[in-house]
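Written below as structure tokens is the structure these notes are about.
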Amino acid sequence: QFRVVNFLVPGDNVPAAEFYVTPLTGAAGGELANVNRWRAQLQLPPVGEAELDELATTVEGTAGTFKVFDLASTAPALKSGERARMLAAILVRGDTSWFFRLTGEIDHVAAQRENFVNFLKSFRFEATP
């Protein structure tokens with residue numbers, strides 16, 4: 001119900017990866033809490049504040065600066081029994097945190113990384129009339 005964009009990215013012989021964009025008011029729990037929640041979804045241990053910056057890269061786009069996290073499970077994490085990967089980006093704009101996520105089979109999501117980054121670079125906000 002919070003997603004403003006939601007679609008599937010088909011793969012060859014793997015389940016489709018899911019991409020979505022969600023805006024939430026304020027810090028939405030904070031960067032560390034969100035990254036650790038995503039890590040838990042991939043059955044990865046939590047990280048501390050010190051490790052957070054080491055996990056992040058930035059992407060400059062039309063809408064602003066995105067903080068990007070590339071997380072991969074080390075054990076099966078999908079219902080299909082496959083390892084998973086998640087590309088997640090956070091864009092803070094005004095009092096809203098925008099979350100961009102692509103999750104799916106590890107190799108399929110890895111192959112979509114350039115498309116994910118290009119989407120972030122091209123994402124923009126248009127003024128409403």
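The values are calculated or read from the model by the stated rules, or taken from the named source; none is laboratory data. Every value quoted in this text rests on a predicted model; they were computed, and no experiment measured them. Reconstructed Cβ throughout: ideal geometry from the backbone, glycine too, with neighbour counts over all protein chains shown. Surface accessibility is based on the protein's heavy atoms, side chains included, excluding ligands, DNA and RNA. Shrake-Rupley method; radii C 1.70, N 1.55, O 1.52, S 1.80 Å.
Report, in deg cm²/dmol and to the nearest 500, the calculated mean residue ellipticity at 222 nm for the chain, where each DSSP H run with n ≥ 4 adds -39500 (n - 2.57) and the sum is divided by the residue count. Before the final figure, lay out each step's value.
Working: 4 runs with 34 residues, N = 129.
Calculated from helices alone, the mean residue ellipticity at 222 nm is -7500 deg cm²/dmol.
Determine by what factor the alpha-carbon radius of gyration of the chain differs from 2.2 N^0.38 Å, reporting the quotient. Numbers along the way, then the final one.
Values: Rg = 14.6 Å, N = 129, 2.2 N^0.38 = 13.9 Å.
The reported ratio for this selection is 1.04.
Highest mobility in the GNM of the chain, judged by mean-square fluctuation with C-alpha springs under 10 Å and restricted to Thr103, Thr65, Thr25, is found for Thr25. Of the trypsin sites (Lys or Arg not before Pro) in region 1-57, the ones in a loop by DSSP (not H, G, I, E or B) with at most 14 other beta carbons within 10 Å are Arg3.
So, with a 1.4 angstrom probe, what is the percent of accessible area on region 57-129 that is carbon and sulfur?
Details: 1890 of 3820 Å².
About 49 percent, which is the carbon plus sulfur part of the accessible surface.
Loop only per DSSP, at most 16 neighbouring Cβ atoms within 10 Å: give me the GluC sites (Glu not before Pro) in region 91-129, ordered by residue number.
Details: sites: Glu105, Glu114, Glu126; in loops: Glu126.
When the GluC sites (Glu not before Pro) of region 91-129 are filtered for loop state and at most 16 Cβ neighbours within 10 Å, Glu126 remain.
The apolar share of the surface of region 2-50, taken as the fraction of accessible area on carbon and sulfur atoms (1.4 Å probe, ligands and nucleic acids excluded), comes to 59 percent.
The residues of region 1-111 present an accessible area of 53 Å² per residue when probed at 1.4 Å with all protein chains retained. Note on the chain: GNM, Cα springs under 10 Å; of Asn13, Asn36, Asn118, the largest mean-square fluctuation is that of Asn13.
In this calculation the C-beta distance from Glu126 to Leu8 is compared with R0 = 30 Å, giving a FRET efficiency of 0.75.
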